[in-house]
Amino acid sequence: MKRFYTFALTLVFTAVFAVSAFAQAGAQPTKIGWIDTGAFADEKEGVTKYINALKALDTEMKPSQTALQTLQSRIQTIAADLNKPVPANVPVDQRALLAKQEEGQSLQREFEFKKKEYDAKVEKRSSEVLGPVSADISRAIQDFAKTKGYAVVLDIAALAQANAILALDPGSNITKEFITFYNARPATAATAATPK
């Protein structure tokens, strides 16, 4: 993974140095912009289709998420009951204590199984629901770059995660401009996100 980030960083530096070389050689200046893809999910100013797909996914996953939260609450209640101090003059019912421990362990195993199931379902459905929207956004970024004359458009969120940002000109931020451009486009069949 580290190799990939190093490779990506090398590509960024190569692009920057190539742009500098062209500019110094008298070629027409190359426009570079950056987009914060993390802003796409912003409720107020984000990409409408992406937000709608996230909401559809959240609505679809809500029952499973609620079931997990209920299980977790039951486990916490049992753990709290087992950890309550017992007065010295009150006899402890060992059978009841053992049954409570077994119930807690059984619920913990059930929780872990259902959590793995939930995570796999979220991953699969995210790919199905968000994948077409993300692909459409990628195509739109290409169209936007071509229309606006950008030779390079960087994903600043991905670069930030890779710790690959050394300097950043806020004047090159084209996030809001792109979101406005994208939200103004007509809806396409490829971006329809319907829950299953």
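Exactly one residue among G104, G46 is in a helix (DSSP H, G or I) and closer than 28 Å to K121 by Cα, and that residue is G104.
Within segment 103-111, identify whether any single residue is over 15 Å from the mean Cα position of the chain (by Cα), loosely packed, with under 13 Cβ neighbours inside 10 Å, of a type in the set (D, E) and under 30 Å from T66 (Cα atoms), and answer yes or no.
The first filter runs over segment 103-111 and keeps only residues over 15 Å from the mean Cα position of the chain (by Cα), leaving 103-111.
After this cut, where a residue has to be loosely packed, with under 13 Cβ neighbours inside 10 Å as well, the list is 105-106, 109.
Narrowing the set further to residues that are of a type in the set (D, E) leaves none.
No, every residue in segment 103-111 fails to be over 15 Å from the mean Cα position of the chain (by Cα), loosely packed, with under 13 Cβ neighbours inside 10 Å, of a type in the set (D, E) and under 30 Å from T66 (Cα atoms).
Residue-wise test of (1) surrounded by 15 or more Cβ atoms within 10 Å (Cβ to Cβ); (2) over 15 Å from the mean Cα position of the chain (by Cα).
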{"site": "I32", "(1), (2)": "yes, yes"}
{"site": "D36", "(1), (2)": "yes, no"}
{"site": "V47", "(1), (2)": "yes, no"}
{"site": "K55", "(1), (2)": "no, no"}
{"site": "T66", "(1), (2)": "no, yes"}
{"site": "Q76", "(1), (2)": "no, yes"}
{"site": "A80", "(1), (2)": "no, yes"}
{"site": "A96", "(1), (2)": "no, yes"}
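Please find, within segment 120-170, the residue that is surrounded by the most Cβ atoms within 10 Å (Cβ to Cβ) out of those that are of a type in the set (D, E) and under 18 Å from A39 (Cβ atoms). Lay out the reasoning, then the answer.
Of all residues in segment 120-170, those of a type in the set (D, E) come to 123, 128, 136, 143, 155, 169.
Retained after the next criterion (residues that are under 18 Å from A39 (Cβ atoms)): 136, 155, 169.
Details: D136: 19, D155: 15, D169: 9.
So, considering only residues that are of a type in the set (D, E) and under 18 Å from A39 (Cβ atoms), the one surrounded by the most Cβ atoms within 10 Å (Cβ to Cβ) is D136.
The set of residues in segment 27-80 being in contact (Cβ under 8 Å) with a residue 60 or more places away in the chain and of a type in the set (G, A, S) consists of G33, G38, A39, G46, A53, A56.
Coordinate-derived values only; no laboratory data. Values in this document were obtained by computation on a predicted structure and should not be read as measured data. As a convention, Cβ positions derive from the backbone with ideal geometry for all residues, glycine included, and neighbour counts pool all protein chains shown.
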